[in-house]
Each structure stands twice: as C-alpha cells, then as structure tokens.
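Presented below is the structure to which this report refers.
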Amino acid sequence: MIKYKACALGTLCVLLFTACGNQGSAPLPPGEPGILKVETSDRQVITVNSRETVKVVPDLAEIIYAVATENKDASACQAENKEKLSQLVETLKQLGVEETSIQTSAFDLNPRHDWERNGAIIGYEAITQVTVTGIPLEQAGLVMEKSVESGVNQIQSVSFLSSSYDECYQEALKMAVSQAEEKAQALAEASGCTLGKPVQILEHTADDRYRYANEAKLSRNTAAMDSAEAEVMPGEIEVEANISVEYAIQ
C-alpha cells in the first residue's frame, strides 16, 4: 500500500533576479546596505526548491551475517570458518536462495592477544561477512532463524528494500514538480508578476539505498516453513525527490 505525504514548506529558497517589469535601475550611492541592484532584465526568473516524499511498505530484505571462529592455530581457524560458511550457504540454497544473491562481502583473520602476558598470541579469530540480498519479506524471519541454526554467530544488519522504488520515485518527482509550480505561482502573484514556463529544472541527488531493481531470488520452500519464524516488522520506507525549478516571470 502506497501512502503519500506532502512535505512541509520549511525554508523556502527564492531568488528574484529582477523585479517584474523592471528594465534596470540606477546604481545606488556607495554604502547603501541590503538593497538588490538590478543591472539587466534579461533574466527575470523565480527559483524555488521543492521536496516530496512517497511512503511505501518494503517487500524485500537484505541480511548481513557474520560467521566467526576461534582456534589456537591460524590454518585450523580458517578451515573451521570455511566449514561453517559452507553450512550457511547450503542452508540458504535449501531455502531457495540462489548463489547470485549470496556474496562474501568481507573476511578477516586476526591474532588474539593475552595482554596480561605482554601481548602474547594465544590464538586466532576468523570472521567472514556474508551479504544475502533479494529475500522476500515474508520469508526473512525464516531465513534468519535457519541461518543461525546452521552456525551463524551474528546477524549484523537487516535492511528493507522496495522492488517498486523506481515507480515511487517517479511519483515523488511528479509531486515535487507540482508543488514547485504552486510555490512559484504564489510568489509571482504576491510580487505582482505573471508566472511563465519553467526554464530549468534541477534534480538533486536521490537517496536510493532502498532501491532493489532485480527480481527476487528466493522461492518459497514449504517443507522448511513448519517451524516458527522470527517476527519481522519492516514499517514503511520513504522515497524522496528533491528538485529546484526556475520559472520565467513577466
């Protein structure tokens, strides 16, 4: 379900480059503060900023795991970590996750020190970070539960994404353009101007961390659904469009 939220006007940035109908003005005496000096009427414009947000319930999840092992021997520590990682990957595959959705995003092998013995090395710790993307939201709880059972030590983060991000962003853009026109029209009327067509529209950088453009990679495994699942409550995510529009005025 998509909900719309009109943003508050907030601080309005308005640039009046020339006064309406003004063909130029004489230079002011030196020392006159706070008065705009108009040199030319070639650019009679109003510039407004507009920001709109569309709220959407996410339908996909991204989970980042950590598989950690400890051993006195570095090679043995790494081998144990690899074994646990293989168990995790096998579990994910059994749940229907494809290999293209599983990524080893980081690996660390570090010595463990005993600082009460002058920092002597007493063993090693291996940590592999695994990122799993494109999980349908209704199966995220099951995936996390089964992953922990397979030997995962940590669930570092769960991010919620939307496969309809692009459509929501386009809707937010349309709303932002409409709001910009309303602002510009109000300013033009208050200034005794006639609002013309937009002469420039700038789209500011979008925050697309909620975007997921690929098809979900997890198929429902009915055999694995008999156990209780961890509850996942995604809430809503906000898709925001932020623009600046320059309108001609007369």
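List of remarks:
- Residue satisfying condition, being modelled with pLDDT under 95, among the hydrophobic types (A, V, I, L, M, F, W, C) and touching an Asp or Glu at 6+ places or on another chain (Cβ under 6 Å), within set 38, 57: 57
- Hits in region 98-124 - residues which are assigned to a strand (DSSP E or B) and within 27 Å of residue 159 (Cα to Cα): 102, 103, 104, 105, 106, 107, 108, 109
So that you can scan it fast, the table gives a plain yes or no per residue for (1) surrounded by fewer than 14 Cβ atoms within 10 Å (Cβ to Cβ); (2) out of contact with any helix residue (DSSP H, G or I) (no Cβ under 8 Å at 6 or more places or on another chain); (3) hydroxyl-bearing (Ser, Thr, Tyr):
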site	(1), (2), (3)
90	yes, yes, no
93	yes, no, no
119	yes, yes, no
127	no, no, no
133	no, no, yes
141	no, yes, no
154	yes, yes, no
161	no, yes, no
168	no, yes, no
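- Within region 43-77, the set of residues being open to solvent by 20 Å² or more (accessible area, probe 1.4 Å), more than 31 Å from the chain's Cα centre (by Cα) and closer than 15 Å to residue 151 by Cα comprises 70 only.
A quick yes/no check of all residues on (1) in contact (Cβ under 8 Å) with a residue 60 or more places away in the chain; (2) touching a Ser or Thr at 6+ places or on another chain (Cβ under 9 Å):
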residue	(1), (2)
145	yes, yes
149	no, yes
163	yes, no
173	yes, no
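- Selection from region 178-213 of residues that are buried (at least 17 other Cβ atoms within 10 Å of the Cβ) and in a helix (DSSP H, G or I): 179, 180, 183, 184, 187, 188
The values are calculated or read from the model by the stated rules, or taken from the named source; none is laboratory data. All figures in this text were calculated on a predicted structure; none of them were measured in a lab. We place every Cβ from the backbone using ideal geometry, glycine too, and count neighbours over all the protein chains shown. Keep in mind that these areas ignore ligands, DNA and RNA; they rest on the heavy atoms of the full protein, side chains included. Shrake-Rupley method; radii C 1.70, N 1.55, O 1.52, S 1.80 Å.
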